[in-house]
Amino acid sequence: MTKEQKIMLGHGSGGKLSHELISSLFLRHFQHPALTAMTDSAVLNLPEAQLAFTTDSYVVDPLFFPGGNIGRIAVAGTVNDLAVSGAKPMFISAAFIIEEGFPIATLEQIVTEMANEARHAGVSIVTGDTKVVGTGKCDKVFINTAGLGSFHVEFPPFPGQESVKPGDVILISGTIGDHGMAVLSARNELPVQSGLESDCACLNELILEVRKASSRIKFMRDATRGGLGTILAELCEKSKFGIEIQYETIPVRETVRGMCELLGFDPLYVANEGKVVIVAESSDAQRILLALQNHPLGKDAAIIGKVVEQHPGFCWLKTEYGSSRIVDMLAGEQLPRIC
């Protein structure tokens, strides 16, 4: 990046432009081992304890959509970032930037949903902040959260990308693309009634069940903005291994697949808000799959691929036609935009 360049919408997509912005600007100035790991949560080793710490901001449009709203996503997204690091989510902060004229009744709906979701996930919202800006200075309401979690001696942090090796398997906890298509539908941009709902959900209980079933999990990540494709491309980027996934094994609802084909979207890059990608040793693949499928949030889980020695640094998809293509990080602006 050069100083003459300007921020574009694609820099917030969670894909290649986001990755370049973080690597070339933020990491260059904010130097800390916990940050350079570029995980969803920073793992902090303190004298008294080992903690996971994360933060995120939510600027969803529309604020309400089938299956959730900005408040539910704010809690679920924070809980999931902690949970995929291997931590038990405990505490959340909530800061609001509110546009002048925003209805208090609508704000209470959002806050009520946040409280309900936090209660359901077993976390507490313990601090926060409120700012009000003039009309037109923000898009209705923005929410920023931070989350704190702890590690149990029985469940330490996941080893991470460095431990992944050829022979490991890749699993996804359910169907992909539901959230992005639900948000798009809620904006009345489609002339059809899809009946889709966002998959927005807190995954900490599901992940706990998986951890109980296997101690051979290497890596976890919740596939949000950049979608499944970006997660897998990031995982093998600059690595000594490659990844191969099978089109027919990736769970996609027919309504999502049909809408993507109609509108020219690739489900691999459509956003999710309640799906986790897992890399584990092949010996425990079936145990992990069974643990996922025995939980309501993982009933559509599947083994979708494997880590291989071939084509190091690249993820390849074997298509339904028997051909293969590279799966790269999302390039440019995410469509449909979810935030």
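Computed from the coordinates by the stated procedures, all read-outs in this text should not be read as laboratory data. Only a predicted model underlies this, so the values are computations on that prediction, with no experimental measurement involved. Heads up, the Cβs are rebuilt from the backbone with ideal geometry, glycines too, and the neighbour counts pull from every protein chain shown.
A few notes on this one:
- Top positive-direction residue, dipole computed over region 1-103 with Cβ charges, set 82, 64, 21: 21
- Too-long pairs where the Cα-Cα distance tops 30 Å, listed order kept, from 212/306; 238/299; 88/306; 6/306; 6/137: 238/299; 6/306
- Toward the positive end of the charge dipole of the chain, with +1 on the Cβ of Lys and Arg and -1 on the Cβ of Asp and Glu, the farthest Cα among 151, 207, 264 is that of 151.
- Assuming charge only on the beta carbon of Lys and Arg (+1) and of Asp and Glu (-1), the dipole of the chain about its Cα centre is about 480 debye to the nearest 20.
- Rounded to 5, the percent of DSSP beta bridges in the chain classed as antiparallel: 80 percent
- For peptides 152-158, 283-289, sequence by mean Cβ density within 10 Å, most packed first: 283-289, 152-158
- Charge dipole of region 32-150 (Cα centre as origin; +1 on each Lys and Arg Cβ, -1 on each Asp and Glu Cβ, all else neutral): 140 debye, rounded to the nearest 20.
- Once backbone amide H atoms are built at 1.01 Å from N, residue 125 has 92 as its partners under 5 Å, excluding neighbours fewer than 5 places away on the same chain.
- Full extension of the chain segment joining residue 37 with residue 328 gains 102.7 nm, where the gain is 0.36 nm per residue of separation less the Cα-Cα distance.
- Structural descriptor for the chain: relative contact order 24 percent, calculated from alpha carbon pairs under 8 angstrom and at least 6 residues apart.
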